[in-house]
1. Restricting region 111-130 to residues that are among the aliphatic types (A, V, I, L, M) and assigned to a loop (DSSP other than H, G, I, E, B), which is least open to solvent (accessible area, probe 1.4 Å)?
2. Whether any residue in region 78-92 is of a type in the set (Gly, Ala, Ser), open to solvent by 40 Å² or more (accessible area, probe 1.4 Å) and assigned to a loop (DSSP other than H, G, I, E, B) is what I want to check.
3. Please give the number of the condition Pro102 fails out of (1) open to solvent by 90 Å² or more (accessible area, probe 1.4 Å); (2) under 19 Å from the mean Cα position of the chain (by Cα); (3) within 30 Å of Pro63 (Cα to Cα).
4. Being without any contact (Cβ under 8 Å) to a residue 60 or more places away in the chain, of a type outside the set (Phe, Trp, Tyr) and in contact with a helix residue (DSSP H, G or I) (Cβ under 9 Å, 6 or more places away or on another chain) is the requirement here; does Ala125 meet it?
5. Would you tally the residues in region 198-218 being farther than 26 Å from Phe90 by Cα and either in a loop (DSSP other than H, G, I, E, B) or open to solvent by 30 Å² or more (accessible area, probe 1.4 Å) (or both)?
6. So in region 18-53, with the set limited to residues that are farther than 22 Å from Gly84 by Cβ and touching a helix residue (DSSP H, G or I) at 6+ places or on another chain (Cβ under 9 Å), which one is most open to solvent (accessible area, probe 1.4 Å)?
7. Pairs only if they're at least six apart or on different chains, beta carbon under 7 angstrom, first in region 181-200 and in contact (Cβ under 8 Å) with a residue 24 or more places away in the chain and farther than 30 Å from Trp47 by Cβ, second open to solvent by 70 Å² or more (accessible area, probe 1.4 Å) and hydroxyl-bearing (Ser, Thr, Tyr); list them, first residue then second.
8. Can you confirm whether Ile179 is in a loop (DSSP other than H, G, I, E, B) and either closer than 15 Å to Ala145 by Cβ or among the β-branched types (Val, Ile, Thr) (or both)?
Amino acid sequence: MNQSESPSAAPSPLTRAAMGLLLAGVDVYTVGGLLIVALRAISGERWWPLTLLTNLLPWLLLPALPLVIILALAHHWRRMALAGALALIFAALYGGLFLPNPRPASVCAAPDGGCQRLRVMTYNALGNDYPDLDAQIRLLRESGADIVALQEVSPRLAQAIQRELAEVYPYRALYPLGIPGTGLLSRYPILEEEAFQFETSFLYHLRATLDVNGRPLTIFNACLLY
């Protein structure tokens, strides 16, 4: 036999060890990802470490997409199936965000063109963790928004709003509970308001109906840890 056609050398022990560690990491990623998704579906947001992880869920699931292809090319079918399950979960939860909207909303649906234009702002105040209260008040005052949906409203911020923004936003619905807190600031009268929780979450959400120049407008203010 020609010496130049000698069979390929077997992988070295170091190469085999590195490959074993790589595949073990894939197993930890896929099984751990499925476990996080399952626990999230069962317990919701009742356990704060799980809530923290689910905030990162899009980034945790994203590597599953290329991983499916890599494992298929390497003929690791069992691992590919687990990664494929994570990829399907990613597609189900976030795939629609990458698709064009087939029915874009009309700028003005009124036949006479007499639409009421509103500037709406949403602002997460970060509970008691935001150190510069004056900066928050200044941001709200200078926003120019007609309606501001607030999340994670602290007692300090609520007191400052009542004290310094009463003229800018004469109508307010504030539930200053820190991280679970919620609120709404409006230039228009608030006819009804309701703060509520879902069974799987410690956060409060808000439903409010406003009187916008004689027309009722219902707003939902939700804070989601996802």
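The values are calculated or read from the model by the stated rules, or taken from the named source; none is laboratory data. Because the structure is a prediction, the values reported are computed rather than measured. Please note: Cβ atoms are built from the backbone with ideal geometry, for glycine as well, and neighbour counts cover all protein chains shown. The protein model used for the area step is the full one, side chains on, heavy atoms only, and it has no ligands, DNA or RNA in it. Shrake-Rupley method; radii C 1.70, N 1.55, O 1.52, S 1.80 Å.
1. For region 111-130, the residue satisfying everything is Ala125.
2. No, region 78-92 contains no residue that is of a type in the set (Gly, Ala, Ser), open to solvent by 40 Å² or more (accessible area, probe 1.4 Å) and assigned to a loop (DSSP other than H, G, I, E, B).
3. It is condition (2) that Pro102 fails.
4. It is true that Ala125 is without any contact (Cβ under 8 Å) to a residue 60 or more places away in the chain, of a type outside the set (Phe, Trp, Tyr) and in contact with a helix residue (DSSP H, G or I) (Cβ under 9 Å, 6 or more places away or on another chain).
5. Of the residues in that region, 9 qualify.
6. Trp47
7. Going by the 7 Å Cβ cut-off, the qualifying pairs are Ser186/Tyr171; Tyr188/Tyr171.
8. Spelling it out, Ile179 is indeed in a loop (DSSP other than H, G, I, E, B) and either closer than 15 Å to Ala145 by Cβ or among the β-branched types (Val, Ile, Thr) (or both).
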